[in-house]
Each structure stands twice: as structure tokens, then as C-alpha cells.
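Report on the structure given below.
The values are calculated or read from the model by the stated rules, or taken from the named source; none is laboratory data. Remember, it's a predicted structure, so these values are computed and weren't measured experimentally. Cβ: placed from backbone, ideal geometry, glycine included. Neighbour counts: every protein chain shown.
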Amino acid sequence: MALPPEAAGGAAQSSSIGGSAAHKRERRDSVVIRFAGDSGDGMQLAGMQFTAESALAGNDIATLPDFPAEIRAPAGTIAGVSGFQVNFSSGEVFTAGDEPTVLVAMNPAALKANLDDVPPNGVIIVDKEAFSDANLKRAGYTSNPLTDHSLDKYQVFTVDITKLTTTALHDTGLNNRAVFRCRNLFVLGMLSWLYQRPIESTVNWLEGRFKKTPEVLNANLKALRAGYAYGETTEMFASSYEVPPARIVPGTYRNITGNTATALGFVAAAVKAGRPLFLGSYPITPASDVLHDLAALKNFPVYTFQAEDEIAGVSSAIGAAFGGAIAITTTSGPGMNLKAEAIGLAVKTELPIVITDIQRAGPSTGMPTKPEQADLLMALYGRHGESPLPVIAAATPADCFECAYEAVRIAVKYMTPVILMTDGQLANGAEPWLLPETSRLPEIKVDFRTDPEGFLPYIRDEETLSRPWAIPGTPGLEHRIGGLSGEDRTGNVSYSPANNELMVRTRARKIAGIVREIPPTEIFGDTNGGELVVLGWGSTYGSIREAVKQLRGKGKSVSHIHLRYLNPLPQDLGDQLRKFRKVMVAEMNMGQLIKVVRADYLIDAIGCNKIQGRPFKVSELTNRITRALED
Amino acid sequence: MASALSRKDFVSDQEVRWCPGCGDYAILAQVQKQMPEFGVPREKTVFISGIGCSSRFPYYMNTYGFHTIHGRAPAFATGLKVTRPDLDVWVVTGDGDGLSIGGNHLIHCLRRNVDLKILLFNNKIYGLTKGQYSPTSEVGKVTKSTPAGSVDFPFNPITVALGSHASFVCRTLDVEQKHLAEMLKRAHAHRGASFIEILQNCNIFNDGAFNELTDKPIKAEHQLVLEHGKPLIFGKNRDKGIRMNGMRPEVVQLGNGVSESDLVVHDETNLALAFMLGNFEPPLPTPIGVFYATSRPTFDAAMNQQLADAKAKQGPGDLDALLKRGDVWTVK
């Protein structure tokens, strides 16, 4: 649970329990740490290992990496600053946290880029040596913030990170550059002590990672342990902190990013369907990791085809679906634009594929590493002609698994392309994932037509209206499909006006019928209705849920409805929304779901919008909701 | 290994709707005629096309067929062939479909050497959209979209294919039924991306584009039929040949001290020679036949091999083990 800074800062004092006699140990309910440095400083790695340590310590966690699109912007510049934020807590965590309670800044640029987010009295840990005249100039500082009193409202800890790392590694035989690159492990060790994290998981990880280069392994372990020992022995930090384990549902967990969960969801679906998985994809930020993950799983079997472009990515998937594979394509906004025509063909030929749009901030190239939700209307309507298809959106990194699985299940059952939406925040963010019992995953039944008796390519199942999946290689079912308007049942090219309308309406009816798959809408809060409900979809789930919880804690009549299914919408959604006096739609766009809500339900909803390539802060939502309650 | 099937088994029940007199009819008839010869069951045969006159082709074949979107047929076919290597996959495209909107997919499919048979009908015009110039139209082509004549230099499909490192490249003509049959056989027997340029007359919008190559009285003077291991001889009386003058090919009259031994001997495995022949333009004759044929691993086989190797090494995929990969902890 991301507590507001005053709550996190005003932690309960507990007596010193063990550890170094020189240090007190204090209890905290929730801490948010942001690791920030140059792209090459290894901040993502330090952050991810700290996250793993925290998960093993039993905390609930959420993370959000924030890195530049440039792989290596000039060293020391603001453009090259890479950050990783982790929120770990003894309560339930919904977001990576509004503000860092601790900022680690490895150089002046990292300090400058992140300082605005640090609350007054927040902890800032900096590497003293990095604040050289040259680095200060690169970051645009005219005077040294460590000495000019501009940081007086924060608790600044100036640590000789570079010097201490260099000293600890003096006998490793590594050159200066290699030693410098171990600073992140020193920092990780120091923070691991400060928050009483066990470092065994990091040691294990390093041993695996540097198995073939023992000298590098040795140096990294030394840096890690030196940082830990520094925290313990120095007087720098008056106390260390303890964040007790959260009360978590029993089971087996792993930490997972949205992209990995997406990849695993697809593999699980293909395994359940008993068919090979085929991914046709073109590299694009922030979607490429799904391609990377799946490329390593060939034995399942998984085919990954790095296509020549986005169009070939989706087209090859449709070709594979025609042949009977579980076929998917992955992309982000710019690629969605390019795939639109082919998706329309999949709608018309009624072939099952899943198109994953891992949204990023637009328009055009926009901010490729930053999240946004501005592709919703494109997903719903962005094809020529009448071409409805199901749209599903994931709420959290781990939820990407279920949503990817569900997307395949629906695609196959209804013989339709399905769009799965996530975004850059989910893709790279991570959280603990309660591993599912694979035997209890819903059935995905692949039922290829084999009987030529009475076969026509477009005869339909009475309930689902889906057409038969008749794959090449099946004797007696030879048939032709294509994009031209086709006759009912036979699929033969037809220009009959009445037939065209019949087919358009039949396909629309098929998609609308998927509503039977959607569970009743859950209201978090006043289930019988109340003053205001916040409606959201996708990655805003965590921020909205936390904001609503906080306001309810203050006695406000505020509720939350989260949508996983964007098309079709749940049957009861209109009725549920109408139970509230006010409906607010919170989205990271200019207001897209709100248009659908107004059009479908004639509800004059209130918009809450942010288009900054950053998730909603909980405080932004609570402020907006509070204002709306007063209006 | 001809099957018991006949030509009519490959004729679908759909009425063919090309313009009367279109060269496509002759190609369709020859393909239907050759299919039984290949011995591949109908259900194992798939025709995939893009958009354009030529791309109506799959509707007329009584096999599996997929009429896709403009230019993208090679991409659809790649996805299918990779996951279903048991299928015999044909791509039917045209000069606009394959070389303009779909140029990217064509070159990549050729360089990857996906085991596809690609028929590119080249009529040097856009027929379905009623007569605009195409990327293979000659400079100065006057059409509705280029009333003052086109100004852009055309693609040569053969050299595009060779430049993409296609492993099999040939050219034939719609009206040369025997030669077309021979090329289809060769292309089908080849493992890898087989590229067949079929010069095809559009009698509505570009009639007579290939008259020099098809008119009986004159065609022998303009057609150079390539045969592996044989000297480059042409002409009605087979009295002309191609000789190298330094690095340049030239037409020579046989006799008067010029003999067959002076002529270039065709070698399908010589890529440099294939490029030279592909670039022949008047006064040199237009080569038809196999320019280039080489054997190299196919993309689909290599990809499936990687899957097989992974399975042999790691065992079949274990979903439960996969989900538990990495740092896992248990909460009690």
C-alpha cells in the first residue's frame, strides 16, 4: 500500500532489536526507493535485485522503471538519466508509489531530473565524487547543490560511493572502468543493510550471471558486501529500518514484469490448446521483450518470426492461424496503425489471432518508453469498414498473464482476432505473482473441422456463431477464403447488397455475443450505489484503487469499477454505473473510454485525464475526486 | 510421382472472371494442368495471393486458398509455411502487388529462402485499378495517372530477385505453354523460394507489351531461351549468339569464323552471369528460362530444426517448470 509521505515518514518507533549495537532499528510500513543514475550506471539492475530481495523478505511490492529511449545518451546529461522505483510494504501495494521516500542519485543529472518528486524531508543519497565540476556542468548546475544549501529541506546523505568501491576492489585486478561499474552493487549493499534486506538472492543471482567470469563475480560480490558493511559500521545512518512482511495470500510466488507475464500467458494458452505458438513481430519499444522471452522457448514449441515490418508480423500470424497455430503478434501504437488492414482481413476471414498493443505515449513516435492509454479508440474502431473485435486490457503486470490467456481462449472459441492492451508501465513494471495451478486454467478447446459431410467454410456454431476452423491438410475441406465480401455459409465472393449487410451484422452479433463470457461487474466500495464511482481500465487500476481506498478511509462515498473487457462491455455495466450520482472516468488519454460510456449509456461522465507519459499519482486522483465530490 | 488426379480436379466451381483474352487464363490452365504431375494431394496445396487481377487466382484452384491483402501474400505464406512445412505453398502476385506495395515482403521472403513457389505475373500495368503505370512500366509510359509519360525508372523483376539472393529465378511467358510448364516443374522441384516472372499480356490496358517476344514471325529474334550448359544461341535460324567482348556481352552472327565455342555457355549456378543476363536490354535479346538456381537451407526448415534441437536438448516444454523459473518463494 503506498502510504502518503507523512504516514511513511512518521513511522512507529520500535526498540532496537539485535543488529549492530550502534544502530537503532525502526519500523516502517511502506518505503518507496528510487534508484537514479546514468544509463550505464546499472540502476535498473540494482533496482530489480532490491525488488527480489524485498519480495523474498515477504513484502508486497510494485516497481516502475523509467528509462530514456536513447540507449546511451551522453554520459552525465539529464537525457541519459535512468531510474527504477520500487515500493515495498507490509500492507497491500497497488502502485509503485507517488513519491520516493528515498532517492539514490548517482550523479548531478540524476539528482536534478528527480528532485522535484522528492517530498520535503525525504532522504537523498548521493555519490560525492560524482559531483565534480564537469558533471555539475553537464547537468546544468551553476553551483554545487551539495554545498549551496539548496537541498536543506531534504535529508541528504553524501557517501563516497566511488571512492569506497574503488578501495574495496583495489586488489581485484580490474581496471578503473570495470571497478566504476560495480558502484551499483555497493549502493545495493548499502540499501540492503539500511532496510534489512537479505542479500543471499543477489549473491545467488550474481553467481549465476558471472559464472564464466570469476574475477567480475568476485568484484561484484566484494562491492555488494562492502556496501552492506559500510551501512552497518559507519555512523552515517543513525538507524536501519524494518518493513515487516505483508499479509499475503499463501502460495508460491515469483516476481514478474508485464511483458514476461504476457509471454507466459500466451505459452500457457498454446500448451492448453495443444497447438504450437507462433509469434510474428517486429521489434518496437516497449514490446520487444515479449519477442525476446518467447524466442527462448522454442521447445514448447514456440515459433518466433522477427518479420521485416509490422505488417508482415501480423500477416504471418494470420497465415499461421490459417494453418492451425495459436498465432499472435505484439507491437505498440505505431505498429498498430500499420497492422490495421491485416486485422480487418482477420475479422472478415474469421481467423483467430491475438494482437497485443503495448501502448506508449504518442502521437507519432512520441515518448517510446513512457506509458499512455490513447490507443483505446483505435483498438475499438481503428479499421476501415464495420470490423468489430473483442478488446481486453490488463490491469497489473501479473494480470497480463490472465489477459493474454483469456485473449487466446476467446480468439479460438469465437474465431476472431482479439486485441490485448497493456502499456509501457505494465510491460516493465513488476509485482509478485501468485503462480496459478496450470491444471485449473480454463479449457481452450481447439476443434478442427475434419468431416467433409455438410462442410462449408462459413457455416456457424449456433451458440457462438463462430465458423469452423478448417485447416489446410484436411482432405475434402479444400476451400478459399479472402477479403472480398463473401456469401453466407459458402464464403464465395458475393456482391449481393443484402448478403453484405447480413454478413456485417452476423459478425457484429458474434462479437457482441462474447458478452456471455464476461463475469458480472464488480464494484469496489458501495455495491448498492453511492456518490461517485471511478471507472477505469488498464494500468490505472492500482492508482485508482489506492486513491479510492484512501478516500473511503476518510469516509467518502467513492467506489471503483475496473474494466478488463473493453469490447464487448459487460452486460450490466450501464446499470451498475447508474447506481452512482457521479461517474468519473480516469484514463491516461484525452478522454476515450468516456466517449464510449457517454455514447453507450448516455451517462454524462466526468473526465480525469493525464497525458504526460506517467501513471496517475494517487494524490492527483484523490484531489480530482475530492473536487468532483464538492462540485 | 504423378497422382491419380487430373487437371479438372484442380478446377474450382467458381466462374473465372478475368477479361476475355487476358493472359491469366493461359497461366491458370497450365498451372491446373501441371498440378497432378507434382503428385501433391489437393489438400496439401495452398495458393496465397495479394490484391490485383492475378491475385484472384486462388479462387479458381480447387485447393486451399487465401486471397489476402495488397502486397502481403509472401508474409501470410511465410507464417503458414513455417508452421506447416508439410504444405505445398504457392504465392501468386503481380508487378504492382509484388514489386510496389509488397516489394518489402517479396525481397525478404526471397532472401530468407522460404520454401514458396512465387508466381509474379508481370503485365507492366495496373489492371484492376484500370490502367495506371506500374513499377515495371517503361519510362515515358502514358497512362491515366501519367498523361505526360511516367518519369521513374522501372524495376526489373529478375534482377530484384537476384539482388535479394533468391535461390531460384526464372522467367517465362503466358503464351509459351510448353516453356511455362517446364518452368513450373523446375520451380516446384526446387527447395526454397522459387521466383517465376511470367510476362503476361493485359489486352485491355497494355496490349502488346510483349509483342516482340510473342509474335510468331519475330519472336525468335528477340527471345533468348536459357538452357543450362548450352551456348547462348537465338534467332529464327539459330544463327545468332552471345559472345563476351571483354566484360561486355554482344550479339554475334554465327559463321564467318564465329563458332558456338566462342559463345557464352549458360551456367545456372553462376550468379554473376545471371545478373548479366537479367540486365539484358535491346539490342540484346530478352532471356527466358532459368537464370539462377542454387541450393541453400530454407528458412522454414532451419527454423523447424531449431525447434527440434531445442526439444532434443531441453525436452518438451514443461509449463509448470516454466512458470516457476527464476526466484520463487512460498508464502504459508
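List of remarks:
- Within segment B:297-332, being of a type outside the set (Asp, Glu) and touching a residue at least 24 places away in the same chain (Cβ under 8 Å) holds for B:PRO297, B:THR298, B:PHE299, B:ALA301, B:MET303, B:ASN304.
- Unique residue being touching a helix residue (DSSP H, G or I) at 6+ places or on another chain (Cβ under 7 Å), closer than 22 Å to A:ASN114 by Cα and charged (D, E, K, R) when the list is A:ARG197, A:ARG183: A:ARG183
- Screening A:SER332 on (1) at the interface with another protein chain (Cβ under 10 Å from one of its Cβ atoms); (2) farther than 30 Å from A:ILE161 by Cα; (3) surrounded by 20 or more Cβ atoms within 10 Å (Cβ to Cβ) shows it passes everything except condition (1).
- Residues in segment A:338-355 that are hydrophobic (A, V, I, L, M, F, W, C) and in a helix (DSSP H, G or I) were compared, and the one that is farthest from A:THR464 (Cα to Cα) is A:LEU338.
- Residue match in segment A:82-90 (condition: at negative phi, in the same structural domain as A:THR162 (by TED's automatic domain parsing) and not in a strand (DSSP E or B)): yes
- Given (1) over 23 Å from B:VAL82 (Cα atoms); (2) in contact with an Asp or Glu (Cβ under 6 Å, 6 or more places away or on another chain), number of the condition B:ASP300 does not satisfy: (1)
- Here the condition is being assigned to a loop (DSSP other than H, G, I, E, B) and within 29 Å of A:ILE248 (Cα to Cα); of A:GLU70, A:GLU99, it holds for A:GLU99 alone.
- In segment A:272-301, the residues that are over 16 Å from A:ILE326 (Cβ atoms), among the hydroxyl-bearing types (Ser, Thr, Tyr) and either crowded, with 22+ Cβ neighbours inside 10 Å or touching an Asp or Glu at 6+ places or on another chain (Cβ under 9 Å) (or both): A:TYR282
- Which numbered condition B:LYS240 misses (of (1) over 22 Å from the mean Cα position of the chain (by Cα); (2) surrounded by fewer than 20 Cβ atoms within 10 Å (Cβ to Cβ); (3) not β-branched (Val, Ile, Thr)): (2)
- Count - residues of segment A:287-333 that are of a type in the set (Gly, Ala, Ser), free of Cβ contacts under 8 Å to residues at least 24 places away in the same chain and in a loop (DSSP other than H, G, I, E, B): 1
- Some residue of segment B:198-221 being assigned to a strand (DSSP E or B), modelled with pLDDT of 95 or more and under 30 Å from B:THR298 (Cβ atoms): yes
- Where a residue in segment A:416-439 is without any contact (Cβ under 8 Å) to a residue 24 or more places away in the chain and away from chain B (no Cβ under 14 Å) and its partner, wherever it lies, is surrounded by fewer than 24 Cβ atoms within 10 Å (Cβ to Cβ) and among the basic types (Lys, Arg), with Cβ under 7 Å and at least six apart: none
To keep it simple, each residue is scored yes or no on (1) more than 10 Å from chain B (Cβ to nearest Cβ); (2) part of a loop (DSSP other than H, G, I, E, B); (3) at pLDDT 95 or above.
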site	(1), (2), (3)
A:GLU453	yes, yes, yes
A:THR464	yes, yes, yes
A:ARG467	yes, yes, yes
A:ILE471	no, yes, yes
A:PRO475	no, yes, yes
A:LEU484	no, yes, yes
A:TYR495	yes, yes, yes
A:ALA498	yes, no, yes
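- Considering (1) surrounded by fewer than 16 Cβ atoms within 10 Å (Cβ to Cβ); (2) facing chain A (nearest Cβ under 8 Å); (3) assigned to a loop (DSSP other than H, G, I, E, B), the lone condition that B:THR330 does not fulfil carries the number (3).
- Condition met for B:SER164 (among the small types (Gly, Ala, Ser) and either without any contact (Cβ under 8 Å) to a residue 60 or more places away in the chain or surrounded by fewer than 24 Cβ atoms within 10 Å (Cβ to Cβ) (or both)): yes
- Matching residues in segment A:198-255 - criterion: being away from chain B (no Cβ under 14 Å), crowded, with 16+ Cβ neighbours inside 10 Å and among the basic types (Lys, Arg): A:LYS222, A:ARG225
- Count of segment B:129-152 residues which are surrounded by fewer than 16 Cβ atoms within 10 Å (Cβ to Cβ) and farther than 15 Å from B:GLY208 by Cβ: 12
- Members of segment B:293-324 that are part of a loop (DSSP other than H, G, I, E, B), surrounded by fewer than 17 Cβ atoms within 10 Å (Cβ to Cβ) and within 8 Å of chain A (Cβ to nearest Cβ): B:GLY315, B:PRO316, B:LYS324
- Selection of segment A:558-591 for residues being outside any strand (DSSP E or B), in contact (Cβ under 8 Å) with a residue 60 or more places away in the chain and surrounded by fewer than 23 Cβ atoms within 10 Å (Cβ to Cβ) yields A:ARG564, A:PRO568, A:ASN589, A:MET590.
- Among residues of segment B:210-221 that are of a type in the set (Gly, Ala, Ser), those with a Cβ under 7 angstrom from a residue that is surrounded by 15 or more Cβ atoms within 10 Å (Cβ to Cβ) and not in a helix (DSSP H, G or I), sequence gap 6+ or separate chain, pair up as B:ALA220/B:PHE234; B:ALA220/B:GLY235.
- Any hit, segment A:530-538, residues being on the phi < 0 side of the Ramachandran plot and in a helix (DSSP H, G or I): no
- The single residue among A:ARG552, A:ARG489, A:ARG509 that is touching a Phe, Trp or Tyr at 6+ places or on another chain (Cβ under 8 Å), surrounded by fewer than 20 Cβ atoms within 10 Å (Cβ to Cβ) and at pLDDT 95 or above turns out to be A:ARG489.
- Flag for A:ILE518 being out of contact with any strand residue (DSSP E or B) (no Cβ under 7 Å at 6 or more places or on another chain), away from chain B (no Cβ under 14 Å) and buried (at least 16 other Cβ atoms within 10 Å of the Cβ): no
- Residue count for segment A:295-326, restricted to those that are of a type in the set (A, V, I, L, M) and more than 7 Å from chain B (Cβ to nearest Cβ): 6
- Just one of the listed residues (A:THR474, A:THR450) is under 30 Å from A:ALA268 (Cα atoms), surrounded by fewer than 18 Cβ atoms within 10 Å (Cβ to Cβ) and in contact with a Ser or Thr (Cβ under 7 Å, 6 or more places away or on another chain), namely A:THR450.
- Each residue in segment A:419-442 was checked for being closer than 25 Å to A:ILE353 by Cα and touching a strand residue (DSSP E or B) at 6+ places or on another chain (Cβ under 6 Å), and 7 pass.
- Check on A:PHE266, on the phi < 0 side of the Ramachandran plot, hydrophobic (A, V, I, L, M, F, W, C), surrounded by 24 or more Cβ atoms within 10 Å (Cβ to Cβ) and more than 10 Å from chain B (Cβ to nearest Cβ): yes
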